[in-house]
Amino acid sequence: MFLTIPEKMVTRILDLRSDTVTKPTEAMRAAMASAEVDDDVLGNDPTAFQLEAEMAKIMGKEAALFVPSGTMGNLISVLTHCDIRGSEVILGDKCHIHIYENGGIATIGGVHPRPLKNNDDGTIDIDLIEAAIRDPRREIVYPTTRLICLENTHANSGGRCLSAEYTDRVGEVAKKHGLKLHIDGARIFNASVALGVPVDRLVRAADSVSICISKGLGAPVGSVIVGSKSFITKARRLRKTLGGGMRQVGILCAAGLVALQDNVGNLESDHKKARTLADGLNQIKGLRVDGPVETNIVYIEIEEGSHTNAGKICKDLEDRGILLIPESLSRLRVVLHYQISASDVQYTLSCFQHAVKGVQTENGN
């Protein structure tokens, strides 16, 4: 049974647009206020060192580097591996690097993307990957394949998780052909929690990983990239080139440390709330959740004959204090995070039911 909605009930905003919208906790604000800092460009910020060392340890890699954003983290990683213009990277056609990062690997780095079909679970068929690797004997006409990129969890596939076994197989293909493997692990901790697999095991086969601390982990700013010491040395120089060298960055890194310590444990609750929301949405005539919900992302399909669309539903819910992202006329995205409660989920379901039922009543259904 969903909550009853009074006509006027907008006492606060429920922001379900992304897990990037969370506000810093009091513990984060306190850590930021008291952070020990120095000039990170000159290599002296102790709190940045602490976050980088902790992330490298957790991920099972030699070294790490704090960067301002996930987009910059992926760009630096790709350009570090593909340091010759005209290199080619194999990646999924629905992945974040290919769709949502302004084509930076091409426009800034001169790296050619070779997109392959993402399956519904976010994977790319192994045989397609291997077949897409350019024959080096034909380099007179082809770009040179140097890198494979995966995304875990895979956002456009509804937050689906890539298994360690699958990633290992891709890593084996990469090594066989002398390529590198980068993982866009913006939500890799979500994958670890959902699969019950240690995060370092999920990325064992990767040469580099970018991890966002401002999504499900709830820090206000930043990502961390991890890899070998030589990789991070090159990445640090590229960060400066791209304008990502920030001075007393320990203020931000302090919040990241709190996020690692306090918020990884909240992810299972986020996943549970997402499943609860999905189960409730599937009970509302005219709505259908697309695919299984494994982590904190829910895609909603508006079925034909519902006499409504994503824009109308977003407007109706916004009037009741709920913010969503329309993906198309018939598709919506919802992302759960630790600042959304179980009662917020029930309220959201009631608002969805009201939005869809109200339209159907108006049309005589």
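Among the residues of region 324-342, those identified as open to solvent by less than 40 Å² (accessible area, probe 1.4 Å) and in a strand (DSSP E or B) are L332, R333, V334, V335. Only one of the listed residues (G216, G244) is in a loop (DSSP other than H, G, I, E, B), within 22 Å of the chain's Cα centre (by Cα) and surrounded by fewer than 24 Cβ atoms within 10 Å (Cβ to Cβ). That residue is G244.
Looking only at region 280-323, residues that are outside any loop (DSSP other than H, G, I, E, B) and either surrounded by fewer than 19 Cβ atoms within 10 Å (Cβ to Cβ) or among the charged types (D, E, K, R) (or both) come to 10 in all. Within the set R114, R169, R201, the sole residue that is surrounded by fewer than 24 Cβ atoms within 10 Å (Cβ to Cβ), in contact with a helix residue (DSSP H, G or I) (Cβ under 6 Å, 6 or more places away or on another chain), modelled with pLDDT of 95 or more and part of a strand (DSSP E or B) turns out to be R114.
Of the residues in region 196-205, not one is acidic (D, E) and over 13 Å from A64 (Cβ atoms). For region 150-165, the set of residues classified as farther than 15 Å from L91 by Cβ and either surrounded by fewer than 24 Cβ atoms within 10 Å (Cβ to Cβ) or of a type outside the set (S, T, N, Q) (or both) consists of G158, G159, R160, C161, S163, A164, E165, listed by residue number. Taking helices (runs of 4 or more DSSP H) as the structural unit, those lying wholly within region 12-93 and holding at least 1 residues that are of a type outside the set (D, E, K, R) and free of Cβ contacts under 8 Å to residues at least 12 places away in the same chain correspond to 26-34, 46-59.
The values are calculated or read from the model by the stated rules, or taken from the named source; none is laboratory data. The shown structure was predicted, so the numbers you read here are calculated from the model rather than taken from an experiment. When we count neighbours, we look across all protein chains shown, and the Cβ atoms used for this are built from the backbone with ideal geometry, even at glycine. For accessibility, only protein heavy atoms count, side chains too; no ligands or nucleic acids. Shrake-Rupley method; radii C 1.70, N 1.55, O 1.52, S 1.80 Å.
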